[in-house]
Amino acid sequence: WAERIQAIAQTGLAYARDPFDLERYRALRALAVEIAAAHLELPEGGRRRLEELFAADAGYPTPKVDVRAFVSRDRGDGDRQEVLLVRERVDGGWSLPGGWADPGWSPAEMAVREVAEESGYQVRAGRLLALWDRGRHNPGPPLPAVYKVCVGCTVTGGRPAAGVETLAVGWFPLGELPELSSTRVTAAQIRRLAHLHAHPELPPDLD
C-alpha cells in the first residue's frame, strides 16, 4: 500500500504544476513513508533512509532492474553441481554475480560484465531463466520496487578474482550453500534457477 501511495505521489510531483497540488503530493509521499516505517518497524535512521529513497526517485515511477547471472559447473562426480557465488562487500552475504542495470547495456551484456567485474570469470550469456518481482520472492523491505532478471551463463575463461564490490569468489554445491545475501537471492531461487538451467526446454519463470 505504501508503495502504491508513493507511486501516486511521485507521478503527481512529476506532472503537476499547481503549487497547492505539489504540496499535497509531498504530503502524500510523507504519509507513504510513515506507513512503511510503521509496518516495517524501522528505527529513526531507517525512516530517514526511506525518506531519502522516496525523495531521490523522480519522474514516472517504475521498478529498478537487477540483473543476476546464474553460472554452474558439473564436477563430474554424480549430482555435485556447483554454482558460482560472490561474497558481497556490503553485507558479507553470498549472492549470484550481478547488480543494477545500466542504460546502454542489454541484460545479456550486463550479466557478462557483472560476472567479470565481481568474480574474474569470462562467461557467455545463454538464455533468460527468470524474471521475478523481488517483493514476492525475497525478504527485506519491499521498497524500492525491483524486477530481477536472471540470465543463465557458461564460463569461457578467466580465473577467480574478487572485485571492488565483492570480498570473495567461490563454487558451492546446491546442497551446501553458504549464508546468502537474501535480499539479492535465496536458496530456493538458486535451486529453481539450477533446474531451469538444466532443462532448456522449460520456459523462463515469470511472476
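The values are calculated or read from the model by the stated rules, or taken from the named source; none is laboratory data. Bear in mind that the values here come from a model prediction, so they are computed numbers and not experimental data. Positions of Cβ are backbone-derived with ideal geometry, glycine not excepted, and every protein chain shown enters the neighbour counts. Calculation scope for accessible area: heavy atoms of the full protein, side chains included, ligands and nucleic acids excluded. Shrake-Rupley method; radii C 1.70, N 1.55, O 1.52, S 1.80 Å.
Can you find, among 96, 180, 56, the residue sitting farthest towards the positive end of the charge dipole of the chain, where Lys and Arg contribute +1 and Asp and Glu -1 at Cβ? Looking along the dipole axis, the top candidate is 96. To the nearest Å, what is the center-to-center distance of region 50-121 and region 1-31, using C-alpha atoms only? So the two Cα centres are separated by 32 Å.
A simple count of charges around residue 68, restricted to other residues whose Cβ falls under 10 Å of its Cβ and scoring Lys, Arg +1 and Asp, Glu -1, yields 0.
For the chain, the solvent-accessible area works out to 56 Å² per residue, with a probe of 1.4 Å and every protein chain left in place. Across the chain, the mean sequence separation of Cα contacts (distance under 8 Å, 6 or more residues apart), normalised by length, yields a relative contact order of 21 percent.
Its Cα centre serving as origin, the chain has a Cβ charge dipole (Lys and Arg +1, Asp and Glu -1) of approximately 180 debye.
Within the listed set 132, 94, 105, the Gaussian network model of the chain (springs between alpha-carbon atoms below 10 Å) gives the highest mean-square fluctuation for 105. Considering all different alpha carbon pairs of region 48-152, the Kirkwood hydrodynamic radius works out to 15.3 Å.
3J(HN,Hα) along region 57-63, derived from phi through the Karplus expression 6.51 cos²θ - 1.76 cosθ + 1.60 where θ = phi - 60°, amounts to 7, 9, x, 5, x, 9, x Hz, with x in place of Gly and Pro.
Its DSSP H runs of at least 4 residues, each contributing -39,500 (n - 2.57), put the calculated 222 nm mean residue ellipticity of the chain at -12000 deg cm²/dmol, to the nearest 500.
Measuring gaps between exposed loop sites in the chain (GluC sites (Glu not before Pro); DSSP loop; at most 16 other Cβ atoms within 10 Å), the longest gap, sites not included, is 42-164. Once you treat every alpha carbon in the chain as an equal point and sum by Debye, what is log10 I(q)/I(0) at q = 0.09 Å⁻¹? After summing over all Cα pairs, the log10 values are -0.41.
Label-to-label distance for residue 155 and residue 38 is 5.2 nm, based on points extended 7 Å past Cα in the beta-carbon direction.
Build a GNM of the chain with springs between Cα atoms under 10 Å: which of 126, 157, 45 gets the top mean-square fluctuation? It is 45. Taking Lys and Arg as +1 and Asp and Glu as -1, the other residues whose beta-carbon sits under 14 Å from that of residue 146 total +1. Of the residues 84, 11, 106, the one whose Cα sits farthest toward the positive end of the charge dipole of region 1-126, with +1 on the Cβ of Lys and Arg and -1 on the Cβ of Asp and Glu, is 11.
Within the chain, which whole H helices from DSSP have a Cα span along their axis of at least 15 Å and a mean Kyte-Doolittle hydropathy of 0.0 or more, if any? Long hydrophobic helices here: 2-15, 19-40, 187-198.
For region 112-185, carbon and sulfur atoms together expose 54% of the accessible surface, with a 1.4 angstrom probe and every protein chain in place. Among the protein heavy atoms of region 1-99, carbon and sulfur supply 51% of the accessible surface, probe 1.4 Å, non-protein parts ignored.
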